Amino acid sequence: MELALYADFAVRLVNSEEPDRGTDTLVSVDAVRALFSSPNSRGAQLAEPADVPRLRSVRARLRAVFEAAAGGDEVGGVNLLNALMVEYPVSPLVSGHDHLDESGRPRWHLHLADNAPTATATFTAVACMGLAIHLTELGADRLGICQAAPCRNAYLDTSTNRSRRYCSDRCATRANVAAYRARKRQEAAAALAGGAPDGPATAPGGAATAPDAGA
């Protein structure tokens, strides 16, 4: 099992809400189940109405981890993540009952929190462990917040040169278009401010003159 992949659980939960757009998809038990990689997993099956407010609380704390890291406060982000991990520890178990190889023998693999008491505890333990592995292997500066306002989605930067600034190609395109239009407006305003007067200049004696070619 690639534990670092579970960092996507944290991204999935954080991005279930877009505060600047006023949207929130974490509103039901079905939405809780949809956060898990499989609706048939034990954690998803444990979901109940109380997990909605519980996971919303965890979501706010995970967003704070991303925002701290993205803002350059790596120590603050790590401290927030550690606090979550203490509250929602993993309790790993080796499992193989549901995966058999060609000869019918179990494919042994690790479950991180299959004996956690609630869907929230299961999901949070897995998400935080995945995020911790991603952070320690790649660096806290790989936790990002999308710069394409009003998006502000969380993302994991896996680029080779640590250059990612947006959560998706769509946001990157939107930001580039907005920047291009802003430049064009600035250029137009600068040209207007430095342009020729509205009417032709008049030479002494009343004769009209052509505008200066450099205007």
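The values are calculated or read from the model by the stated rules, or taken from the named source; none is laboratory data. Just so it is clear, the structure is predicted and the values come from calculations on it, not from any experiment. A quick note on method: Cβ atoms are made from the backbone with ideal geometry, for glycine too, and the neighbour counts reach across all protein chains shown. Only protein heavy atoms, including side chains, enter the accessible area calculation; ligands, DNA and RNA are left aside. Shrake-Rupley method; radii C 1.70, N 1.55, O 1.52, S 1.80 Å.
Can you classify the range 31-91 as rounded, prolate or oblate using the Cα gyration tensor, where a ≥ b ≥ c are the square roots of its eigenvalues, rounded means a/c under 1.5, and otherwise it's prolate if a/b beats b/c and oblate if not? Judged from the Cα gyration tensor, the range 31-91 comes out prolate (a/c at least 1.5, a/b above b/c). Computed over the chain, the convex hull of the alpha-carbon atoms projects to a mean area of 19.0 nm². Here Arg164 and Arg185 are evaluated by their C-beta separation; at R0 = 30 Å the FRET efficiency comes out at 0.65.
Per residue, the range 1-73 exposes an accessible area of 49 Å² to a 1.4 Å probe, with every protein chain left in place.
Here the peptides 130-139, 154-163 are ranked by packing, the mean other Cβ count within 10 Å, and the order with the highest first is 130-139, 154-163. For the chain, the fraction of 1.4 Å probe accessible surface lying on carbon and sulfur atoms is 54 percent. Using the average count of surrounding beta-carbon atoms within 10 Å as a protection proxy, the listed peptides 59-70, 41-52, 20-31 rank, highest first, as 59-70, 41-52, 20-31.
By how many degrees, between 0 and 90 and to the nearest 10, does the Cα long axis of helix 51-70 differ from the longest principal axis of the chain? The answer is roughly 50 degrees. Relative to the longest principal axis of the C-alpha atoms of the chain, give the angle of the C-alpha long axis of helix 74-87, reported between 0 and 90° and rounded to the nearest 10°. Tilt of helix 74-87: around 30 degrees. Between Asn176 and Arg105, residue separation times 0.36 nm minus the direct Cα-Cα distance comes to 20.3 nm. Rounded to the nearest 10 degrees, the inclination of helix 119-138 to the longest alpha-carbon principal axis of the chain is 60 degrees. How many angstrom lie between the C-alpha centres of the range 159-176 and the range 3-62? One Cα centre to the other: 24 Å. Shown here for the range 71-124: GluC sites (Glu not before Pro) in loop regions (DSSP other than H, G, I, E, B) with at most 16 other Cβ atoms within 10 Å, namely Glu102.
Subtracting the Cα-Cα distance of Arg61 and Asp30 from their residue separation scaled by 0.36 nm leaves 9.0 nm.
Structural descriptor for the chain: relative contact order 21 percent, calculated from alpha carbon pairs under 8 angstrom and at least 6 residues apart.
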